[in-house]
1. Hey, what angle do you get for helix 50-63 against the long axis of the chain, alpha-carbon based, 0 to 90 degrees rounded to 10?
2. With unit charges on the beta carbons (Lys and Arg positive, Asp and Glu negative) and the dipole taken about the Cα centre of the chain, which residue among THR51, ALA39, ALA67 sits farthest to the positive side?
3. Which Rg and Dmax, in Å, describe the Cα atoms of the chain?
4. Excluding VAL44 itself, what net charge comes from residues whose Cβ is under 14 Å from its Cβ, given Lys and Arg +1 and Asp and Glu -1?
Amino acid sequence: VISIEDATALLMTGKVLAGLDLGEKTIGLAISDLSLSFAHPRPVILRNKFTRDAETLLAALKAENVAAAVIGMPL
């Protein structure tokens, strides 16, 4: 967990921001463009086991050059 100020410094390195929607059955993923103006959806990750889910998510974040992720909290 980092502050928004720390995220700003990380994003200055040409990396992008990810948005996560953690559901019971799926994990929704969206990746920003370099200008941080638009979020582009990526394929949904079907949840299975925690370790496999984490590996899949971390691989996707690494492939997309993500500096930080924002986790949604549905109300």
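Each reported figure results from applying straightforward, stated rules to the coordinates on display, with no laboratory input. Please read all numbers here as calculations on a predicted model, not as lab measurements. Note that we place each Cβ from the backbone using ideal geometry, even for glycine, and neighbour counts take in every protein chain shown.
1. 30
2. THR51
3. My reading of the Cα-based Rg and Dmax gives 12.5, 34 Å.
4. Residues near VAL44 contribute 0 overall.
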